[in-house]
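Nothing in this text is a laboratory measurement; each read-out follows from the coordinates by a stated rule. Predicted, not measured: the structure shown is a model, and the values here were computed from it. All Cβ positions, even for glycine, are placed from backbone atoms using ideal geometry, and neighbour counts span all protein chains on display.
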Amino acid sequence: MTTIVVGVLGALGLVSFFHLGLFDLSSLLRAASNLRQFILETFPPQFEILPALMHAIWETIQISFAGTLLGLFLSLPLAFLAARNLFGRWVAGAVRLIVGGIRTVPSILFGVIFVIAFGLGPTAGTWGVALYTVGYLAKLYYEAFEAVDVEVIEAVKSTGCNRLQLFRFVIVPETANTMISQLLFMFEYNIRASTMMGFVGAGGIGYYMVGYVQMLQYQHLLTTLILTFLVVMTIDYLSLRIRSVITVAKN
Amino acid sequence: MIEHTQGYDALTNPSDAILSAIGIEHSYDGKTNVLSGVNVTLRQGSLVMVVGRSASGKTTLVKILANVIKPTRGQVNLKINGGHLTRPIAYIPQHLGLVRNLTSLDNVLMGALGYTPTWRSLIKKFDRGVYDKAMDILSELGIKDKAEKKIWHLSGGERQRVAIARALIQNPRIILADEFVAQLDVITAMEILEIMKKLVQRNIALLVTTHDVSLVRKYADRVIMMNKGNILDTHDASQDISLEEILKTIQ
Ligand SMILES: Nc1ncnc2c1ncn2[C@@H]1O[C@H](COP(=O)(O)OP(=O)(O)O)[C@@H](O)[C@H]1O
Ligand SMILES: [Mg+2]
C-alpha cells in the first residue's frame, strides 16, 4: 500500500516537475547565472537611503497596529455571534460561513479592493489588514469562547442574565489572556501582511520594495529587506516576551 | 419506584411543597434513560439530601430542577406565594461555576444580573443597594476581607462561601447545590453545612446532592436515595435511618 502511494506521488511529482520546466537544463543554467548577477548587484546594501525608508517602515508598523485593532473591533461581535455556546446552530453557522469566506480572500486582494475604494495609500492598507485579521481572529476567538467551562456558563445563566451579560461577565474574563495573546500574535503576523499591502500601493514599505525591483536598484532593495527583517524580528521578540508574561500570569 | 410514590404521598402535604417534580424522565442520547420516572418535592425551610453513587443521576436531576436542562418527560412545578422574589431558585453546580479570573465581589454581583438593567450591568454600575447587600452577605459568611481577591487565590471553603453568597443575592426561596461539600475537608464541610442549616431556618429550602452518606444523619431533614436513575427510598426525619441502611439501599 505504502509503495503504491509513494509510487503514485513520485510519478505525479515527475510529471509536474517536467511541466513546470524544472528539467530544462539550459533554463536552469541561465537562471543560475542571472541569480549570480542579481546577487552581485545586490551587494553591498546602501544605508544612506535609510532615513527615507524609516518613514515607510513606520507606516507599515502603523498599518499593522491600526489594522489589527480595527480587526479586533470587527472580530468581537462576529465571534460572539459565532459561538455555539451562546447562539443557536443557525446563527452561529451563518456567521461562521461569513468568517470562513473572509478567510479565503488573500490579504493582497483585500489590499486591491480597498485601493479601489479609498485610492492609493495607507488607509486602504489598514482596511485590508483589518479584514484579513477578521478572518483569523474571529475564528480564534469563537473557538476560545466555546472552550469556556460549560458549568460556569450554566451557573451564571441560571441567575437570569442575558447573553450580553454572560459575554461580559463570564466569556471575556475567562478568555481574556488567550484573547490578548492571540491579538499580539496577529499583530506580529500582520507586519508581514502590511508589508505586502505596499505591493499594490496600499501604503508602507512594500511600495519601496516593488519600486526598487522595477528600477533595478537591487542594493536599495537589500537595504529595505534588512530593515524589514530587523523590524519583524524585534516585534516578534517583544510580542513573544509579552505573551510569555501573560501565560505565566495565567497559571 | 412504587416505594417512592408511596413515600412521596405520605411525606409531603402538597400545600407546603414549594417545588415538585413529577414523573421526570431524562435521556441524553435518546436511547438510555438516565432518570426514569423520578418524583421529588421540596418543602419550605427544609434541607433535603440526595444520596447515590456516582452516575446514579443526581446531577441530571439537579439541573432539571434548576431549569438548566429540560427533562425528556415530566414536569417541574414551582409554587411560591407572597414576597417580590427575583430568582426563586438558585443553582450551585458541582464545581461551583465561579469565574476564576474575577474577584469574589464580582462573582457575587453576578447573582444580581437578572434584576439589573443590561446596559448598567455591562459597565458594572450596580445599584448601591446591591453592592451593600453583596458586602453584607460576604461579611455574614465571614469572607468580607476576601471581597477584592480573585477566585483562584481562595481556598476551597472560601470559594464555597462565594458560591453561597452568589446564590443568596438572588433572594432565592430554594437553593439547589450539587455535590456541595465534596471537595472539602471534613471540618470545613461541617462549617459550610452549619451555614446551610441557618439558611433553612430563614425558610430557604435546600436540596443538596452528595455521594458522602456520612453527613446525612447530622444535617438532612430528609434523605432521598437514588440508584441508576430511580429513587429507591425517601426518608423523613433522617435520624432514624442508619448509615448501613442507606449504604445498603444505594449500592
Ligand atoms: N451531558 C451528558 N451527556 C451524556 N450523558 C451524560 C451527560 N451527563 C451525564 N450523563 C450520563 O448520565 C448518567 C448520570 O449522570 P449524573 O447525572 O452526572 O450522575 P451523578 O451526578 O449521580 O454522578 C451517567 O451515566 C452519565 O454518564
Ligand atoms: Mg454528579
Got at least one residue in the range B:63-78 being buried (at least 20 other Cβ atoms within 10 Å of the Cβ) and more than 16 Å from ligand 1 (Cβ to nearest atom)? no
Could you please let me know if B:THR249 is in a strand (DSSP E or B) and among the hydroxyl-bearing types (Ser, Thr, Tyr)? no
Find the residue count for the range A:1-50, including only residues that are more than 30 Å from A:GLN217 (Cα to Cα) and among the polar types (S, T, N, Q). 3
Can you find a residue that is more than 14 Å from every other protein chain (Cβ to nearest Cβ), out of contact with any strand residue (DSSP E or B) (no Cβ under 6 Å at 6 or more places or on another chain), under 18 Å from A:THR68 (Cβ atoms) and of a type outside the set (A, V, I, L, M, F, W, C) anywhere in the range A:206-216? yes
So which residues in the range B:23-71 are among the hydrophobic types (A, V, I, L, M, F, W, C), over 17 Å from the mean Cα position of the chain (by Cα) and within 13 Å of ligand 2 (Cβ to nearest atom)? B:VAL34, B:LEU35, B:ALA55
